[in-house]
Amino acid sequence: MINKSIQSLLFVIGLLITPSLLADVIKSENDTREYRVITLDNSLQALLISDLESDRGAASMNIQVGSNANPKDREGLAHFLEHMLFLGTEKYPEADSYPKFIDGNGGSHNAFTAYENTNYFFDVKADVLPEALDRFSQFFIAPLFTPDYADRERNAVHSEFESKRLEDGRRIYVANKLAMNPEHNWTQFAVGNLETLRNDPKDPIESDLIDFFDRYYSANLMTLAVSAPMPLDEIEALVVNKFSAIKNSNATPFQDGVPLYTAKQLGKQLDVKTLKELNQLQLTFAIDPRKSQWRTKPLYFIANQLGYEGSGSLLSYLKDQGWAESLGAYVGMDQPEQATFDINLALTPKGMAEYQTVISSVFSAIELIRQQGLKPELYLEQQKLAEIDFRFQQGGEPIHQVMRLSQMLAEYPEEELLRAPYLFERFEADRINHYLNQLIPENLLIGRYSNSLETDSIEPRYQIEYQIKDITDEQKALWGSAGLIDELSIKPLNPYVATNFELLPAQVSDSEIPELIIENSLISSWYLQDNQFKQPRGGINLAILSPNPINSAKASVSNKLLTAMLNEQLNEPLYDAALAGLGAELYSHMRGLSVKVSGYSDKLDTLMETVVDALNSPLNDVALFDRLKRATKEELSNSLKDKPYNRTFAALYQELLPGWSVEDQLSALEKLTLNDVLVQRDSLLNEGELRLLTHGNLTKEQANSLTKKVINAFTSMESVKVARLSAKTVPEGDLFTQVAVKHTDSALLLYLQSDDDSSRADAEVILLNEILSTPFYTQLRTEQQLGYIVFSNYLPIADRPGIALVVQSPTANSEELQTAYKQFIAEWRQQLPSKLEAEIEDFKASVRARIASPSKRLSEETARLWREIDRDNSQFDSKEKLLKAVNQVNSEDLIKRIDQLLNHKLWITTVSS
């Protein structure tokens, strides 16, 4: 039913929107949502999504301006403006008003500043969407830009800069700008810091901020997407009412007008010294812009062939030579004047030493596509796979959908808004050849990223060591004439493309939970046909549980190497399956190994059988073992250089769960042999228990048949009951532990652990975190500006409830952070009784909304059922128990629980090494 406030607005819609833009949006035949695109009188374009099956309301506003428009003397201004819009509006002036409302209504919110756009988004319980939209729209109508907060928020931006200053990913991104056309604004510093966002009487930032907002935050540069479980007319009425007041200054989008690279910047090699142990090679080709080719996607066709990982592929060849670990090919930057096509390779040390030969192999692969790869049948296969994916799109969180579609609304015709990413309209060999002919040495910039490179310059802001030098004419000539390599071949047609999409007849059953179809001392096998999502998909999970999978550091790293070797052997034969929408995952964990396969149900059981058979396949490739051992050592060593707050979480899990330190694992890895891995496999497969779940568009007969095949694959396994993981108990009082970090920031994690794992305790801890999280963020980040990374999370460990409070700070040390935590907790605890008296029902409603939110796609429901099996919960009713417990919790319970939590505190501090 349309409520009266919305109904009263409907009569004015015709006056406030442009009716000529009400074209039909092409959607999948299985998409039950309804769509409408409107344009308001102020030229704001909006996509309306009626999703009557959802319990969430969501919205995203996309502004067609980003860091590209930063003034030369105010780098980071667009990003700073994004921060400031959250800190109060004329209608809602409190700095924490917006996050408090969103978080308090079971929602989430965020924003990001990209090069060409800035995007703001949120979701909430559906019943409060009108008020949420009112608060959200005020960002763009009447933000306050309070001078005091403007000055303080500069510190938050600076903290964000500092938090990523020692990240190799960010440093490589920044270093790449040094090799670009300096006239292009992409080369600017996009984040901002206290220097670029200086604020003093002679140069106040407030006026620059307001000027930027007034110039670019114009309705004609805005595209909005709103999703709600309401009829389209009601959503339209809300959008018209809330967003028509945004001013339209007929702003002109910013244009660079110059290419990303000129001939002067191409034919160069950029060497960047990294902090972590890396050996990366990136080949960047300057090419013509891509956006106008969205209907035919010629570059996707090229990327699909160069990035192929099956037999005869470029990656397969490079791995056989011992040169590479992985390869990716994709469109990089895509600007109106120019785009780039990037080929990124993770090399071995041997591959880095032979990088020129690796590059020659890449040019050989490109030449092979020119000569033999322009096959219409390969394009038609891509077209078919895309059509299948569009037809059977899975649901998702509305917040993700609106964020994506608000951006796409600015790029594509409204009728093609949903179909555009899936559209392969026709095969155009000439257009593909056009781009292939631009993948030449003269258009190339080489990027090498490693901690062992020689450099001759230092970038001042991030202190990045680098060097830029010319590629010799002789080398260009050699690469330009690279011949074919016998081991390389054009990818074949995909044998895994699904052909049967018929849904099973709906199952008539009194129970909607999995059925235990086979149970004995070795295996428990569960089955559930899906009647909810009505998709030709399925998910099959197998857990191989062992009584002592990580009883030593040697066993722990052996598990890592075992799964790495098995996955590597499966990669080639199963890569086609992944392209066809079938995923296979084999991974180790604290209780053994697990296998998950998911995707279109047509060939899913066969895929699972292939993976299970591979568990016993021969592992005798010493060269492969050596390569993966080196990669594992690199991964472990690099984890010691993670962000400080990530290091505190690693220390938390090490403190409370069974396991081994990174240092212990590195020591064990040094002496590890291939035989050790084989012994570990025998240990895992010869003793333990099995658990199997078959879920989705699969028959009970298939589930029974698969169960028998799994049993036959484990005939040598002696059945042993494997205990569940349990967390260590944090003792009463304050327990302190310290972790070394290679970073200038400090971090502090405070973990508050419950003394029991009942549903009641779980509900109480979740509610307390709901009450705690917003004021913790507001006080320590917004008010005190201790850092950019500030949050409180509900964090159960081995099903024991707990709360983690985290800050990473560039300005405060661990002792100062502890003082801030203690002061906040004391004040918050003192105010808690009165807050509960006034708002406990609101908090309970918010928590209920989060818990009750249903799975949005089959894979999410499979994961939920699998967690229940892992918990030994044969009733599959954890959610229902938790909701019941939330309803029963009262203020007295929460007071008792917080006092118990505050009496079991684990403090994890950092010390710079």
Original post:
About its Cα centre, what dipole magnitude does the range 69-170 give when the only charges are +1 on Lys and Arg Cβ and -1 on Asp and Glu Cβ, stated in debye to the nearest 20?
Top reply: 120
Subject >> Which listed pairs, of 164/297; 319/491; 603/700; 72/641; 264/350, have C-alpha distances above 26 Å, in listed order >> reply: 164/297; 72/641; 264/350
Original post:
Which net charge results for the neighbourhood of residue 454, defined as the other residues with beta-carbon distances under 15 angstrom from its beta-carbon, given Lys and Arg at +1 and Asp and Glu at -1?
Top reply: 0
Original post:
Packing-wise, with mean Cβ within 10 Å as the measure, how do 883-894, 56-67 rank, highest first?
Top reply: 56-67, 883-894
Original post:
Taking 0.36 nm per residue of separation and subtracting the Cα-Cα distance, what length does fully extending residue 247 through residue 55 add?
Top reply: 65.9 nm
Original post:
Of (i) 33.6; (ii) 31.8; (iii) 30.2, which one was derived for Kirkwood radius over Cα pairs in Å from the structure shown?
Top reply: (iii)
**OP:** Find out how many positive minus negative residues lie around residue 576, taking Lys and Arg as positive, Asp and Glu as negative, among other residues whose Cβ is under 13 Å from that of residue 576.
**Re:** -1
Subject >> C-alpha center-to-center spacing [the range 296-343, the range 678-755] in angstrom >> reply: 35
Subject >> Euclidean distance of C-alpha centroids, the range 246-279 and the range 444-484, integer Å >> reply: 17
**OP:** Answer rounded, prolate or oblate for the range 454-536, using the Cα gyration tensor with square roots of eigenvalues a ≥ b ≥ c: rounded when a/c is under 1.5, else prolate when a/b is larger than b/c, else oblate.
**Re:** prolate
Subject >> DSSP bridge pairs, the range 518-719: antiparallel proportion in percent, nearest 5 >> reply: 75
Original post:
Cα convex hull of the range 518-719: how many Å³ per residue?
Top reply: 143
Original post:
What is the local net charge at residue 737, summed over the other residues whose Cβ is closer than 14 Å to its Cβ (Lys, Arg +1; Asp, Glu -1)?
Top reply: +1
**OP:** Quantify how much of the Cα-Cα distance distribution of the range 605-682 extends past 22 Å, in percent.
**Re:** 44
Original post:
Can you list the trypsin sites (Lys or Arg not before Pro) in the range 698-748 that are in a DSSP coil and have 16 or fewer other beta carbons within 10 angstrom?
Top reply: 721, 724, 728, 742
Original post:
Which of the peptides 480-490, 437-447 is most tightly packed, and how do the rest follow, going by the mean number of other Cβ atoms within 10 Å of each residue?
Top reply: 437-447, 480-490
Subject >> Where 47, 735 fall by accessible area, highest first, once all protein chains stay in place (1.4 Å) >> reply: 735, 47
**OP:** Filter the cross-link list 177/469; 91/835; 856/905; 125/242; 643/881 down to pairs whose alpha-carbon distance in this structure exceeds 26 Å.
**Re:** 856/905; 643/881
**OP:** Starting from the Cα-Cα distance between residue 626 and residue 585, subtract it from 0.36 nm times their residue separation and give me the gain in nm to one decimal.
**Re:** 12.5 nm
Subject >> residue 458 accessible area, 1.4 Å probe, all protein chains in place, Å² to nearest 10 >> reply: 100
Original post:
Dividing the Cα radius of gyration by the Kirkwood radius, what Rg/Rh value follows for the range 733-912?
Top reply: 1.00
**OP:** Give the distance, in whole Å, between the Cα centre of the range 808-887 and the Cα centre of the range 497-537.
**Re:** 31
**OP:** Calculate, for residue 572 and residue 791, the FRET efficiency according to 1/(1 + (r/R0)^6) with r their C-beta to C-beta distance and R0 45 Å; round to the nearest 0.05.
**Re:** 0.65
Subject >> Order by protection proxy (mean Cβ within 10 Å, highest first), peptides 468-476, 544-552 >> reply: 544-552, 468-476
**OP:** Return the percentage of antiparallel bridges among DSSP beta bridges fully within the chain, rounded to the nearest 5 %.
**Re:** 80
Original post:
Can you give the FRET efficiency for residue 657 and residue 493, using 1/(1 + (r/R0)^6), R0 = 51 Å, r = Cβ-Cβ distance, to the nearest 0.05?
Top reply: 0.65
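The values are calculated or read from the model by the stated rules, or taken from the named source; none is laboratory data. Note that the structure is a prediction, hence the values are computed from the model and not measured. Using ideal geometry, Cβ is built from the backbone for each residue, glycine included, and neighbour counts are taken over all protein chains shown. Note: areas computed on protein heavy atoms with side chains; ligands, DNA, RNA excluded. Shrake-Rupley method; radii C 1.70, N 1.55, O 1.52, S 1.80 Å.
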